[in-house]
Amino acid sequence: MIKKVSPTGIERRFGDTEILVSRTDKQGHITYCNEFFRDITGYKNKALLGQPHNCMRHPNMPRSIFKALWDGLAAKEDVFGYVQNLTTNGDYYWSFIHIAPSRDEEGNVKGYEATRRVPNRMAISDTIEPLYKELCDIENKFKDKEKSVAAGSRRLASLLEEKSTSYRNFVLSV
């Protein structure tokens, strides 16, 4: 089991040509991660395999964003998003993630493959960080996890409705 770490506030960055890759089963447990992924996170392959992918979730990541991602995957769609994750020592890194369902020979979803690229820094500072802070502030008002996610999801849905867009199109447009 991966130990819980406290955020250091120090950001790690990766190069424009590096693509971080991980694969999970249908429940989100890691089955594969490439060298770039291991390098940025600081984890060894054995430490990650079988772990739930949310073991690296940064506390500044709203749960409602992950719900939006999982809702898209449940609809058998590719999903996109900006994600802030923790490393082994509590540093963090931002990435622009694309998650696609992996399918078996009959077309059934058997898991997911996530590729992470260097994010648009202006999108993070101007749009994503303020939005995620607002969603976390809303979510943190609730001790009950379900109520927390529901409240954040309502705010996200309201924002998307105001902009007449979907979550996918919003993320791709910033």
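The values are calculated or read from the model by the stated rules, or taken from the named source; none is laboratory data. What you see is a predicted model, and the numbers here were worked out from it, not measured in a lab. Please note: Cβ atoms are built from the backbone with ideal geometry, for glycine as well, and neighbour counts cover all protein chains shown. What goes into the accessible areas is simple: the full protein's heavy atoms, side chains included, and nothing from ligands, DNA or RNA. Shrake-Rupley method; radii C 1.70, N 1.55, O 1.52, S 1.80 Å.
One table, with the values for the structure above:
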quantity	calculated
Every pair of residues 6+ apart whose Cβ atoms lie under 6 Å, when the first sits in region 47-62 and is hydrophobic (A, V, I, L, M, F, W, C) while the second is at pLDDT 90 or above and open to solvent by less than 40 Å² (accessible area, probe 1.4 Å)	48/30; 48/33; 49/30; 56/85; 56/86; 61/84
Odd one out for residue 49, checked against (1) at pLDDT 95 or above; (2) more than 28 Å from residue 146 (Cβ to Cβ)	(1)
Residue 155 vs. criteria under 16 Å from the mean Cα position of the chain (by Cα) and either among the small types (Gly, Ala, Ser) or surrounded by 16 or more Cβ atoms within 10 Å (Cβ to Cβ) (or both)	no
Hits in region 118-174 (condition: aliphatic (A, V, I, L, M) and assigned to a loop (DSSP other than H, G, I, E, B))	118, 174
Region 104-134: number of residues that are open to solvent by less than 40 Å² (accessible area, probe 1.4 Å) and over 29 Å from residue 15 (Cβ atoms)	2
Neighbours by Cβ (under 6 Å, 6+ apart or cross-chain): first from region 91-107, touching a residue at least 24 places away in the same chain (Cβ under 8 Å) and farther than 16 Å from residue 66 by Cβ; second open to solvent by 40 Å² or more (accessible area, probe 1.4 Å) and aliphatic (A, V, I, L, M)	91/10
